[in-house]
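Take a look at the structure set out below.
The values are calculated or read from the model by the stated rules, or taken from the named source; none is laboratory data. Worth saying up front: this structure is predicted, and the values here are computed from it rather than measured. Here the Cβ positions follow ideal geometry from the backbone for every residue, glycine too, while neighbour counts run over all protein chains shown.
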Amino acid sequence: MKKLLFIWAVLALMLTACNTGPQNEEPVDQEVSIKEYYPATENTKYTYQGEGNEFASYTMFFDYISDDRTQIRTNNGGTVTVTVLEIRDDQLTVLYSRGETYFRQNFLNDQYQGGNILLKAPLKEGNTWAYDENTKATITSLSREVVTGLGNYEALEVTLEGDKGKTVNYYAKGIGLVKTISSGEGYEVSSTLSSIENNVALIQTITLFYPNGEGSIDAVDVQIEFNTNDEPVDVIEKMVKDLTLNEILSPGTKINELYFDEEESSVHIDLSEDFIKEMNAGASFEALILQSLTNTLGSYYGVSKVYLTIDGGPYESGHTVIPEGESLTVNYDNINM
C-alpha cells in the first residue's frame with residue numbers, strides 16, 4: 001500500500017513545470033492568468049531536491065513548446081517520464097503522461113480526451129475542482145511563504161486530497177512549481193526547486209551500429225543533443241551521417257519521416273530514394289547496412305521491429321525487396337561493441 005501511495009505522490013509532483021523570472025511578492029487574485037504560474041522557457045533545466053524517498057529528487061526539461069501545449073521530460077533516476085500539459089479554458093490540464101520514455105518523440109499533436117486539472121481559474125482561495133474521480137483540488141492559500149535553494153517565494157498553494165493521501169503543490173508567479181509535499185499514513189515526501197540552468201540542451205546517448213567493412217557490424221555509444229522543439233528526424237539524420245565511417249545514410253539521403261508507434265511498439269522510418277541509388281553495395285553489404293539502421297533505431301526507441309519504406313512505398317533494390325507491411329527485426333548477434 002505504501003508503495004502505491006508513493007507512486008501516486010511521485011506522479012503528482014512530476015506533472016507540472018516551472019521557469020525563471022522575478023519572485024512573486026504580490027497577493028494572488030483572479031486577474032492573474034494561469035500562464036503566469038506556468039511559464040515555459042526553451043532550453044532550461046530545472047532541478048528539484050527531494051527528501052523522504054530516493055526518487056523525490058528529479059530534473060525537468062521542456063521537450064516541446066507550442067501556443068497552448070507543452071511537453072516536459074522529468075528524470076528521477078528511476079524512470080524518465082514525458083508529460084503533455086495544456087492551458088486552455090482558464091485551466092492547466094495534464095493530458096498525457098508516459099513513463100519509461102528514454103527516446104525523443106513529439107506527443108503534442110496527438111488527440112486526447114479529458115485529463116487531470118492542476119490549476120483552475122479563478123485563482124482565489126477556496127476555489128475547488130475535481131482533479132480526478134477520487135481526488136479533490138483546492139486553492140488553500142494565495143500567498144504561502146516557501147523556502148527554496150533559490151530564495152523565498154510567496155506561492156499559490158494547491159492541495160490535492162484523495163483516498164491515497166494528500167499532495168500540496170506550491171506555484172510562484174513567474175517561476176512555476178517551487179515545491180511539492182506528498183504525505184499519507186506513515187510517509188512524507190517533498191521535492192523543492194534547487195536550481196535553474198538556462199541555455200542547456202538535453203543530452204542523450206544513442207548506440208550507433210555500422211558495417212565495419214569486414215563482414216560484421218561495429219557499435220559505438222555517442223551523445224546527441226536536443227534543444228527544445230528539435231525533432232529526432234533531424235538530429236538523428238545528422239548524427240548518422242556525421243559519425244558513420246561506412247555510410248549508413250548517403251549524403252543525399254533524406255529521412256522523410258521517423259516516428260514511434262506506441263500501439264504496435266515499433267518504429268517507422270521513410271527514406272528518400274537516394275538511400276538506394278547512392279548505396280553502391282553488394283547484397284551482403286546492403287544487408288549489413290539495413291541491419292545497422294534497424295539496430296540503431298531499435299536500440300534508441302527500445303523496440304524490436306522497424307518498418308522501412310522509400311518515399312512512402314515498399315523498399316526495393318537490386319538485391320532486396322521488403323514487402324509492404326513487413327518489418328525488419330533488431331538483431332544483436334555478432335556485434336562488435
**Item:** Selection from region 277-312 of residues that are over 24 Å from residue 102 (Cα atoms) and at pLDDT 95 or above
**Value:** 309, 310, 311, 312
**Prompt:** Taking region 155-176, which residues are under 17 Å from residue 34 (Cα atoms), touching a helix residue (DSSP H, G or I) at 6+ places or on another chain (Cβ under 8 Å) and not small (Gly, Ala, Ser)?
**Reply:** 169, 173
**Request:** Return yes when residue 275 is closer than 30 Å to residue 180 by Cβ and either outside the structural domain of residue 147 (by TED's automatic domain parsing) or of a type in the set (Phe, Trp, Tyr) (or both) and no when it is not.
**Result:** no
**Message:** Regarding region 37-54, can at least one residue be identified that is modelled with pLDDT of 95 or more, touching a helix residue (DSSP H, G or I) at 6+ places or on another chain (Cβ under 7 Å) and in a strand (DSSP E or B)?
**Reply:** no
**Request:** Kindly indicate whether residue 161 is under 22 Å from residue 117 (Cβ atoms), among the charged types (D, E, K, R), in a strand (DSSP E or B) and assigned by TED's automatic domain parsing to the domain that holds residue 145.
**Result:** yes
**Message:** Taking the conditions exactly as written (within 30 Å of residue 267 (Cβ to Cβ), assigned by TED's automatic domain parsing to the domain that holds residue 166 and out of contact with any helix residue (DSSP H, G or I) (no Cβ under 7 Å at 6 or more places or on another chain)), does residue 126 satisfy them or not?
**Reply:** no
**Request:** Report, by residue number, each residue of region 69-116 that is under 9 Å from the mean Cα position of the chain (by Cα) and either β-branched (Val, Ile, Thr) or outside the structural domain of residue 158 (by TED's automatic domain parsing) (or both).
**Result:** 72, 74, 80, 81, 82, 83, 84, 101
